[in-house]
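*Asks:* Please see the structure below; I have some questions.
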Amino acid sequence: MPNSSGSEFTRRQLIQRAAALAVLAGPAAGVLSACAGGGGSAAGPSGTVSPTNPFGVAEDAPLDVVIFDGGFGQDYAKYDIGLYSKAFPKSQAAFKATQKISDTLQPRFANGTPPDVIDDSGDNQIKAGTLVNSNALTDLQPLLDAASYDDPKVKVKDTLLPGVLDVGTYNGKVYLLNYGYTVYGLWYNAKVFKEKNWTPPKTWAEFKTLAPQIKAAGIAPWAHAGKYPYYMGVPIMDWVGKVGGDQVLIDIDNLKPNAWRVDAVKASLNAVLEMVHNGWMLPGTEGMTHIESQQAFLDGKAAFLPCGSWLENEMRKTTPAGTEMTLLPMPDLTDKDAKPYGTLRAEAGEPFIVPAKAKNQAGGLEFLRIMLSKDAARNFAQATSSLSIVKGSADSVTNSTALTSVNKAATAAGDNLLHYRSVTDWYPTMINEWEAATGELMAGRFTADQWIDKVQAAADKVAADSSIQKFHRDK
Amino acid sequence: MKFRRLPFIAGFLFVPVVLYVIYVVSPFVQTVFYSFTDWGGFSNTQNFIGVGNYVRLLQDDIFLKAVLHNAFLLVLMPVVTILLALFLAFMLNVGGRGDSAGIRGVRGSSVYKVVLFFPQVLSVAIIVVLFQSVFRTDGRGLLNGLLIALGLVDPNKPVQWFNSPDLVLWCLLGVMVWSGVGFYMVLFSAAMQSIPKEIYEAALLDGASRGPTFFRITLPLLWENISVAWVYLGFIALDGFALVTGLTPDSGGGGPDHASELISNVLYRTAFTQGKFGLACAMGVALAVFSLLLAIVQLRITRRDRIEF
């Protein structure tokens, strides 16, 4: 479930999947009932271009927005649609929220009649690489170069946090606007740590001293969502980048031969394995869902849990009162780590797209411009307890230890940020093997070498497969 | 009159046939067509690539593994379910003897009937949620909690159930049998009740005990129902999508490390997360061919003379 909003696996999802299957495999045919190739026009109706209407939105053109109904909820979208309707009262602007982005929208893409804006998130997101591969997306450069909503002298791209466009960039073109700003790390409950007089570890050595104390207190040092190994893959990759430096991650993403066979990868895997073999994992955590493991952590059964900054919002309803969720960057693994303490994986998530065949393409871009206004960004932070990519969006929110610690960690990290794309969104087949290998590692069935062999083989396979479009990054 | 009967019949058939062609036949034809293309699913263009997708399938380790897993379920699931359903139906209807009251089921059979049929009422989503709790991998799981309380399992090493490559398919088999057996028990019960009592009474007079009564009388007279049940259960074993997706690890299910991949969830992942609809269509065609072969083979194997009564 690699998504910033941590969608929950629900019954409804299952029923819909079952229904999708009835169509797909029952008669083993129906996949395509809705997929007969249809027409579709790219350019829609257009209005006059003006400083307040930089894309020339036709005033009476309806706007069709589809939102992922996940960790961020839908209140923020309601607010943003309201702002759009205020600007274009004659337009019928409406949004629909669903958890099944791919199942709902695939037929519309296939028909050439996609919506104007999509929040392509969740477990059922349409993989961005797939859409880029199909030339189905609008280049967002005009949006970034346009004047910002609040100040005509400042361009939209200058109102954003540094580096947030990288994730949506494919071979130099920005196709995805990742609106949420997600910080990854280890979570602990500061209240428990204060009571027990424990100090959050800054180095692996400190961690190894603390873990036996935690265990002696009857608490498991570590929990993770083993059923979805992506969650444990993140700290492994964070350590790889922290020990080995940016170039190691860049080589991995660029599918360089033997990119995984480096010391940094081995060091990271061995540290994780040491935890497994020392019995520091919550018993049974290797088969638990994200919700189960997160709840166990909140119930005080485990001291640390790797997760993204959506954790607070996702678990809000079942968090015991008094919990002080706090984010900690990954500890230094060696005393020669390439990146300093405090280095984080902080990334823009929750991708918004404008399909290339959207009827009201200009309206779609304008809607995103409105979402990037100060008003909309402040509302987003308030409604979701999450950062957005707009500078200073959460400065006015102070009632959450989680958001405060995330804000602090992100500020302290500065430019010391980690990125990796190949195993999070570029190559779905590789993601699958990377997850499978991590699951085996955490269950104690794989050694570090077996993990590396499996993931390297998957990378080599992608590199050799001419039917998969390759992506590249230099920084 | 004959020439007027034809338009009369055609008039009635027209609407259903059109609906059938649009919603059933045309997707079949399109799937076959797309299976020969490189269609990604998110555009309305595609290139014809001949049998390329089928060649890829034969070289795809994960797909071949999935075929084996489906074969495992296909062999075991119907057999176990039918044997269990037959046993239960027999006990409920003609198993309770030993006194002079004649032919009837074991004591309390009406209660058992409801209890055993109950799983059939639950939707597959509820079954998934239920068994998620039963097979939880920590001490809070129903089975693990029980085993730990009995001292059979080390609380620090609870059983991994769906997360264990050795157990996952057996757990799936168990869930499938559990959720299917009630329906077939009722089916066989109904069939047993339609067998004339005189036949049983005659057997009773001849001094036949439960075993011979079952094998010499009940089983042959139920043969037709059993063969139909076998085909249905075979289809269910070829599917299994919702259970695998919901219960097994890794995103989209099929884990750990592909130990429980089924054709249906590999197909879904290939189409919707990897964006290879052409390849997924080829898998769909393969699955359809398997299903047809299964129906033909099973109906042939189980073909017997029909007994009228």
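The values are calculated or read from the model by the stated rules, or taken from the named source; none is laboratory data. None of these values were measured; they are calculated from a predicted model. Cβ: placed from backbone, ideal geometry, glycine included. Neighbour counts: every protein chain shown.
*Asks:* Kindly indicate which of A:P201, A:P221 is out of contact with any Pro (no Cβ under 6 Å at 6 or more places or on another chain), touching a residue at least 40 places away in the same chain (Cβ under 8 Å), over 30 Å from A:L372 (Cα atoms) and not basic (K, R).
*Replies:* Residue meeting the stated conditions: A:P221.
*Asks:* Please go through region A:112-128 and pick out each residue that is more than 13 Å from the chain's Cα centre (by Cα) and at pLDDT below 80.
*Replies:* Passing the criteria: none in range.
*Asks:* Here's something else I'd like to know. Looking at A:A381, A:A394, which one is part of a loop (DSSP other than H, G, I, E, B), among the aliphatic types (A, V, I, L, M) and without any contact (Cβ under 8 Å) to a residue 60 or more places away in the chain?
*Replies:* Numbers: A:A381 fails: part of a loop (DSSP other than H, G, I, E, B).
Unique residue meeting the criteria: A:A394.
*Asks:* Given the structure, is A:A362 aliphatic (A, V, I, L, M), touching a residue at least 24 places away in the same chain (Cβ under 8 Å), farther than 17 Å from A:K86 by Cβ and part of a strand (DSSP E or B)?
*Replies:* On the way: aliphatic (A, V, I, L, M): yes; touching a residue at least 24 places away in the same chain (Cβ under 8 Å): yes; farther than 17 Å from A:K86 by Cβ: yes; part of a strand (DSSP E or B): no.
Judged against the criteria, A:A362 is not a match.
*Asks:* Quickly run through region B:240-257 and pick out the residues that are facing chain A (nearest Cβ under 7 Å), modelled with pLDDT of 90 or more and assigned to a loop (DSSP other than H, G, I, E, B).
*Replies:* Initially, region B:240-257 is screened for residues facing chain A (nearest Cβ under 7 Å), giving B:241-242, B:245-246, B:249-251, B:255-257.
Remaining after also requiring modelled with pLDDT of 90 or more: B:241-242, B:245-246, B:249, B:256-257.
The answer is B:P249, B:P256, B:D257.
*Asks:* For region B:258-291, give me each residue that is modelled with pLDDT under 90 and more than 24 Å from A:W426 (Cα to Cα).
*Replies:* Residues satisfying the conditions are B:F290, B:S291.
*Asks:* When you go through (1) closer than 30 Å to A:E195 by Cα; (2) in a helix (DSSP H, G or I) one by one for A:V248, which number turns out not to apply?
*Replies:* (1)
*Asks:* Keeping to region A:210-237, report how many residues are away from every other protein chain (no Cβ under 13 Å) and closer than 30 Å to A:I250 by Cα.
*Replies:* So the answer is 5.
*Asks:* I'd like to check something: does region B:165-185 contain any residue that is of a type in the set (S, T, Y) and not in a helix (DSSP H, G or I)? If you could, list the steps in order and put the result at the bottom.
*Replies:* Filtering region B:165-185 down to residues of a type in the set (S, T, Y) leaves B:179, B:184.
Okay, now just the ones that are also not in a helix (DSSP H, G or I), so none.
There is no residue in region B:165-185 that is of a type in the set (S, T, Y) and not in a helix (DSSP H, G or I).
*Asks:* Can you name every residue in region B:183-217 that is touching a residue at least 40 places away in the same chain (Cβ under 8 Å), of a type outside the set (A, V, I, L, M) and closer than 20 Å to B:I301 by Cβ?
*Replies:* Within region B:183-217, B:Y184, B:F188 meet the criteria.
*Asks:* Could you list, in sequence order, the residues of region A:126-145 that are facing another protein chain (nearest Cβ under 9 Å) and either in contact with a Phe, Trp or Tyr (Cβ under 7 Å, 6 or more places away or on another chain) or in a helix (DSSP H, G or I) (or both)?
*Replies:* Filtering region A:126-145 down to residues facing another protein chain (nearest Cβ under 9 Å) leaves A:126-127, A:129-131, A:133-136.
Result: A:I126, A:G129, A:T130, A:L131, A:N133, A:S134, A:A136.
*Asks:* Name the single residue that is farthest from the other protein chains (Cβ to nearest Cβ) among those in region B:33-46 being modelled with pLDDT of 85 or more and in contact with a Gly (Cβ under 9 Å, 6 or more places away or on another chain).
*Replies:* At the first step, the residues of region B:33-46 found to be modelled with pLDDT of 85 or more are B:33-39.
Subsequent filtering for residues that are in contact with a Gly (Cβ under 9 Å, 6 or more places away or on another chain) retains B:34-39.
Numbers: B:Y34: 6, B:S35: 10, B:F36: 13, B:T37: 11, B:D38: 7, B:W39: 8 Å.
Checked region B:33-46; the qualifying residue farthest from the other protein chains (Cβ to nearest Cβ) is B:F36.
*Asks:* Just to verify a result, which residue in region A:142-170, among those that are surrounded by fewer than 16 Cβ atoms within 10 Å (Cβ to Cβ) and among the charged types (D, E, K, R), is nearest to A:F55 (Cα to Cα)?
*Replies:* Here the residue is A:D145.
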